[in-house]
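Just so it is clear, none of the values below were taken in a lab; they were calculated from the coordinates. Keep in mind the model is a prediction, meaning the values are calculated, not measured. Every residue, glycine among them, receives a Cβ derived from its backbone with ideal geometry; neighbour counts consider all protein chains shown.
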Amino acid sequence: MGGELVDLDHHRGTDDAYRVLIVDDHSVFRHGLRSVLEGEPDITVVAEAGSVAEALEVTPTSYDVVLLDVMLPDGSGIEVVPRILEQNPDAKVVMLTVSDEGEDLYASVTAGAVGYLLKDLAIDAVTDAVRVAARGESSFSPQMASKLVAGFNEIAAAQTDTRARLTKREREVLTHVAKGWSNRRIADVLHLSENTVKNHLRNVCEKLGAHTRTEAVTTAMREGWITLD
């Protein structure tokens, strides 16, 4: 269900009130949320939108916090997060959705959202989330916070496992590649054949999911698995 863009001429609260943009395709939900938020003396709803297109029409500098649904009629709310932040780098985006999918959660955080709230959350938790987000802090529904921590732990474990699977010789070869050495020079220094060096590099690329030796070096250096010291 779509909704037309609504710019609100009246700004309640003090001049330094937190300014909110609500983006959701359900007009009844938007209007109800707006009523609750505007009941707070330090929060002002400056606009509401029912689609991606409408959200991007709102003057970027007019809001501090965006409450954004994941599913919108003309696109994904997650995909619009970078576009909002490109227009307004100081904005804080909080996803407000019924989706409890871990994939949506991770994609939102990766896109730049500072919060992820489920719509079954108590309404006062939403008002608190606006204040928290405006201060630059993160806000997540309890179950989503648990999923986020679990996801990051899995990523960390996978990275540790990858490093452990790189042999000492593979790290040596990759370190020399990072220095710009040719396969011939690496082979001479490590007393190996060129084919052996190539095999080590092929194994490294497979383990790191890299397509080229340069990509393998970049990944390994970023993760701190090799250094040039």
If you go through region 25-37 one residue at a time, how many are within 19 Å of A134 (Cβ to Cβ) and assigned to a loop (DSSP other than H, G, I, E, B)? 0
For region 57-108, name all the residues that are hydroxyl-bearing (S, T, Y) and either closer than 23 Å to A122 by Cβ or in contact with a Gly (Cβ under 9 Å, 6 or more places away or on another chain) (or both). T97, S99, Y106, S108
So which residues in region 38-80 are in a helix (DSSP H, G or I), of a type in the set (G, A, S) and crowded, with 18+ Cβ neighbours inside 10 Å, if there are any at all? A55, G77
Could you please tell me which pairs satisfy a Cβ distance under 9 Å, a separation of 6+ or placement on different chains, a first residue in region 73-95 that is at positive phi, and a second residue that is outside any loop (DSSP other than H, G, I, E, B) and β-branched (V, I, T)? G75/V52
Looking at region 100-127 only, could you name the residues that are in a helix (DSSP H, G or I), closer than 21 Å to Q87 by Cα and of a type outside the set (A, V, I, L, M)? S108, T110
Among the residues of region 90-126, which ones are among the polar types (S, T, N, Q) and buried (at least 19 other Cβ atoms within 10 Å of the Cβ)? T97, S99, S108
